[in-house]
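The values are calculated or read from the model by the stated rules, or taken from the named source; none is laboratory data. Quantities reported herein were computed from a predicted structural model and do not represent experimental measurements. A quick note on method: Cβ atoms are made from the backbone with ideal geometry, for glycine too, and the neighbour counts reach across all protein chains shown. Side chains are part of the model used for accessible areas, which takes the heavy atoms of the whole protein and leaves out ligands, DNA and RNA. Shrake-Rupley method; radii C 1.70, N 1.55, O 1.52, S 1.80 Å.
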Amino acid sequence: MSLPKTLAEDVARNLVMVARLIDEDPEEAYAYARIALRLASRVAAVREAAGFAAYATQKYAEALAEFRAARRMTGSVDLWPVMADCERGLGRPERAMAMAGEPEVQKLDKAGQVEMRLVAAGARRDMGQIDAAIVTLQSPELASNSVQSWTPRLRYAYADALLEAGREDEAREWFGKALEADKDGSTDASDRLAELDGVEFVDVLGDDDTTGADAADEVAPRDEDASGDRDDEDDVRDDADLDDGQDDDEDDDQDGSVKA
């Protein structure tokens, strides 16, 4: 569907903001998506963006409705895995599992099929079927030494499932493999490995800052007291000078403040 030039530009600006903010500030991205949706609800790209913005803010029912609308407009199956994950978010893992067995999955590209496998494994875990989740993730893609965009997440999910099943040594191995493939830091595999190895990180800089602030708070009253003592000494000297009949030509008002 084509839009008038001015309207198209307004919609495009809002979609750009959605893409820019969705990872850092999902709520703000959602607000921009709603604006775009009001301007052009019959554009598939707008419905898809609105769906992802709602998904990022855990509004799963709304996200699912938008994804379904986008799919009706385009006929594409690309959104099938995220639609299934919305079913999980709505507490309906059995529906996600049913979607994993639908013919649409076979029409997905490799990345989409891996994503669907991840969703299906998550649904198995939702239903307490941890061993089935592990089997679901076991695939040629998992065993492959080739690193693709989805490799870190697939290995990480497998490691996490192994850990839940109590297979700690295997989990450590696969968290390590996930870390090797995760060049962009898309997972927290390094943190999970450190946790398994009993490594704790201490914020030394933060402690030093706090200590310094506390020390400054303690010093300030003593500085004020010292200033008061100096003022008292000055008053005594001034009285002595007056008793001796000498002129007081000096400025007795001294600044007793101390910079912290």
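Quick notes
- Yes/no for Gly176 being of a type outside the set (A, V, I, L, M, F, W, C), open to solvent by less than 80 Å² (accessible area, probe 1.4 Å) and modelled with pLDDT under 95: no
- Test: residue in segment 68-83 that is within 25 Å of Met116 (Cα to Cα) and of a type in the set (Ser, Thr, Tyr): yes
- Boolean, Arg38 is of a type in the set (Lys, Arg) and closer than 24 Å to Glu9 by Cα: yes
- Applying a threshold of 9 Å to beta carbon distances and a minimum spacing of six or more residues, or different chains, the list of pairs starting in segment 127-144 at a residue that is in contact (Cβ under 8 Å) with a residue 24 or more places away in the chain and assigned to a helix (DSSP H, G or I) and ending at one that is open to solvent by less than 40 Å² (accessible area, probe 1.4 Å) and of a type in the set (Ser, Thr, Tyr) reads Ile134/Tyr158; Leu137/Tyr158; Glu141/Thr151.
- Filter result for Ala70 (touching an Asp or Glu at 6+ places or on another chain (Cβ under 6 Å) and at negative phi): yes
- Selection count, segment 147-178, where residues are assigned to a helix (DSSP H, G or I), of a type in the set (A, V, I, L, M, F, W, C) and more than 18 Å from the chain's Cα centre (by Cα): 9
- Scanning segment 180-202 for residues that are open to solvent by less than 70 Å² (accessible area, probe 1.4 Å), out of contact with any Pro (no Cβ under 8 Å at 6 or more places or on another chain) and among the hydrophobic types (A, V, I, L, M, F, W, C) yields Leu193, Ala194, Leu196.
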